[in-house]
1. Compute the relative contact order of the stretch 5-247 as a whole-number percentage, counting only Cα pairs closer than 8 Å that sit 6 or more residues apart in sequence.
2. Would you be so kind as to identify which of Ser25, Cys65, Val168 lies farthest towards the positive end of the dipole of the chain, taking Lys and Arg as +1 and Asp and Glu as -1 on Cβ and the Cα centre as origin?
3. Excluding same-chain pairs closer than 8 in sequence, count the lysine pairs in the stretch 5-247 whose Cα atoms lie under 12 Å apart.
4. For the residues Arg2, Arg97, what sequence is obtained by ranking on other C-beta atoms within 10 Å, fewest first?
5. Assign unit charges at the C-beta atoms only (+1 for Lys and Arg, -1 for Asp and Glu), then state the dipole size of the chain relative to its Cα centre in Debye, rounded to the nearest 20.
6. In what sequence do Phe242, Phe139 fall when counting other Cβ within 10 Å, fewest first?
7. With the Cα gyration tensor of the chain in hand, convert its eigenvalues to equivalent ellipsoid semi-axes via √(5λ) and list them largest first in whole Å.
8. Take the alpha-carbon centre of the stretch 173-248, take the same for the stretch 1-19, and report the distance between them in whole Å.
Amino acid sequence: MRKKIVAGNWKMNKNIQQGKELCNSILNLLETSNKEVILAVPFTHFTVLAELVKGSNLKLAAQNCHHELSGAYTGEISASMFASLGVDYVILGHSERRAYNNEDNDLLRKKIDTALSQNLKVIYCCGETLDERNSGVHFDLVAKQIIEGVFHLNSEEMKNIVIAYEPVWAIGTGETATSVQVQEIHVHIRSVIARKYGEYVADGISILYGGSCKPSNAHELFSQTDVDGGLIGGASLNAEDFISIIKA
């Protein structure tokens, strides 16, 4: 049975006081369920929020980590540092980091290995731009991101990988892929994984949708057979909206 997951990515939003208030609001509204609920927060928030979520359903995720465990890398944060704070997950390969920080699949493969070595689970992002979709290369591009990012892992290690599909053209634009488009590419992603690891492993991996998911479209998106939840951006900054998405 695949795990149902809703992860809120706060990105570079909320100071520590605002983050504490938002986390408390989410905790107050959150109902006990079999869904995994994750907050990916700025690294400045972890010490405070780790105490708040202790004993609750909420898990914490880092939004990135360095590919080395330590060293002369001014301003960077390592996977071991996050693990020592009680962080459960790390997001790697987000489209914004691929675009703004020039992160490629080779670097992301190293980051994944480092994160797994510290017992962090990985939410690995893949997805295409509007030009790439319009030119018809999106299926091959997403397959390449997955193959080059995670296919060096063995079947046991793959249990700690969650895939998040992000149509880059639908992030922060108000545009949303149709439920048919989303199901189509999620099926493709699962088939790519199945060709390498077999149906059993592929069927056990959660694949999230990460493109302008909000309360008004969450139910339709999550009703698709191969959509196992969402990586939520803007809507995760409002407790009521985020809870509505979780309930969907």
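Rule-based calculations on the coordinates, nothing more; no lab input. Predicted model only: the values in this text are computed from it and were never measured. Please note: Cβ atoms are built from the backbone with ideal geometry, for glycine as well, and neighbour counts cover all protein chains shown.
1. For the stretch 5-247, the relative contact order is 21 percent.
2. So the residue we want is Ser25.
3. Value for the stretch 5-247: 6.
4. Values: Arg2 14, Arg97 18.
If I rank by nearby Cβ atoms, fewest first, I get Arg2, Arg97.
5. 460 debye
6. Phe139, Phe242
7. After diagonalising the Cα gyration tensor, the semi-axes are 25, 22, 17 Å.
8. 15 Å
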